[in-house]
Amino acid sequence: MTEMETFIIDKIEEIAFSRVQPADSLWQEKVLDSITIVELVVELENEFNVSIPFNEIVEDNFETVERIVRYINTLK
């Protein structure tokens, strides 16, 4: 597991009070909701020094930890 994956998993578990794995469905399993996703985005922006446009906070980019990592890497 990469450092980025570990950071994201730790933050999701802290925010959503739910254990997750890199391939777990975060939206379908209702781990993330409209409030927790905003908290997660703020954490990601601060940690990885990126700006995530509101219109890109969509299921395609945030469905799994793996997808979040891929998405963050496109912003760097």
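Just a few scattered comments:
- Average accessible area per residue (Å²) across the chain - probe 1.4 Å, nucleic acids and ligands excluded: 62 Å²
- FRET efficiency estimate (nearest 0.05) - Cβ-Cβ, residue 49 to residue 21, R0 30 angstrom: 0.70
- Contact order normalised by residue count of the chain, Cα under 8 Å, 6+ apart, percent: 35 percent
- Correct option for Cα Rg over 2.2 N^0.38 Å [calculated from the coordinates] among (1) 1.37; (2) 0.96; (3) 1.90: (2)
The values are calculated or read from the model by the stated rules, or taken from the named source; none is laboratory data. Keep in mind that this is a model prediction, so the values were computed, not measured. Positions of Cβ are backbone-derived with ideal geometry, glycine not excepted, and every protein chain shown enters the neighbour counts. We work out accessible area using only protein heavy atoms, side chains counted, and drop any ligands, DNA or RNA first. Shrake-Rupley method; radii C 1.70, N 1.55, O 1.52, S 1.80 Å.
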